[in-house]
Amino acid sequence: MKTVLVLNGPNLNLLGTREPAVYGAQTLADVEALCLTACATHGLVLDFRQSNHEGVLIDAIQEAGRAQAAGTLAGVVLNAGAYTHTSVAIMDAIKGAGVTLIELHISNVHAREAFRHHSYISPVAKAVMAGFGIKGYALAIAGLAELTQPG
Ligand code: CA2
């Protein structure tokens, strides 16, 4: 069974504690439980991580590229948080790793402030998902499963 890496960036550990109107009331532990169910449905193994540190996210993306090349990883679901809008380094890491990656946002970033409309991740992502709340994580995992095992 292949693994899916679900990688969460800065401040996503605060989910459920503030801004429920934007991000909902559920916690990151709830997101992990939802991802676990989605992976089980699709015969995938979940690797779920969160970091507030850009370099840690980059190390995880590079590791994912090696795992995909070795045939053990289906791909990555990345919610890079605010790094989406700022990080050339994360964009370079995704490109360099050659990993299949779905960019994910809980909120519809295009219906929010202008600075959230630009993403450094989108040009190097296989697909982009935004605005489905935390259910988007399950949809992104289903999308990766479809890419890996079409039909
Ligand atoms: O909608 C998303 O998932 C975002 O990636 C979330 C980021 C934001 O900077 C992006 O523009 C869109 C923010 C994550 C911080 O999440 C918090 C959750 C609860 C309380 C405070 C922050």
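No value in this document is a laboratory result; all are computed from the given coordinates. This is a predicted model, so every value here is computed, not measured. So basically every Cβ, Gly included, is an ideal-geometry build from the backbone, and we count neighbours across all protein chains shown.
Does E32 count as charged (D, E, K, R) and within 24 Å of H118 (Cβ to Cβ)?
When the stated conditions are applied, E32 does not pass them.
Need at least 2 residues that are surrounded by 17 or more Cβ atoms within 10 Å (Cβ to Cβ) and within 10 Å of the ligand (Cβ to nearest atom) per element, so show me which strands (runs of 3 or more DSSP E) inside region 1-109 make the cut, counting only ones lying wholly within it.
Counting at least 2 such residues, we get 73-79, 101-105.
Yes or no: region 21-42 includes at least one residue that is touching a residue at least 24 places away in the same chain (Cβ under 8 Å) and in contact with a His (Cβ under 9 Å, 6 or more places away or on another chain).
The answer is no; no qualifying residue exists.
Quick one: in region 134-151, of everything that is outside any helix (DSSP H, G or I) and surrounded by fewer than 15 Cβ atoms within 10 Å (Cβ to Cβ), which residue is farthest from the chain's Cα centre (by Cα)? Before the answer, list the steps.
So in region 134-151, the residues outside any helix (DSSP H, G or I) come out as 134, 149-151.
Subset that is surrounded by fewer than 15 Cβ atoms within 10 Å (Cβ to Cβ): 149-151.
Details: Q149: 19, P150: 21, G151: 23 Å.
This residue is G151.
Could you look through region 110-143, keep only residues that are farther than 17 Å from L12 by Cα and among the basic types (K, R), and pick out the one that is farthest from the ligand (Cβ to nearest atom)?
Within region 110-143, the match that is farthest from the ligand (Cβ to nearest atom) is K126.
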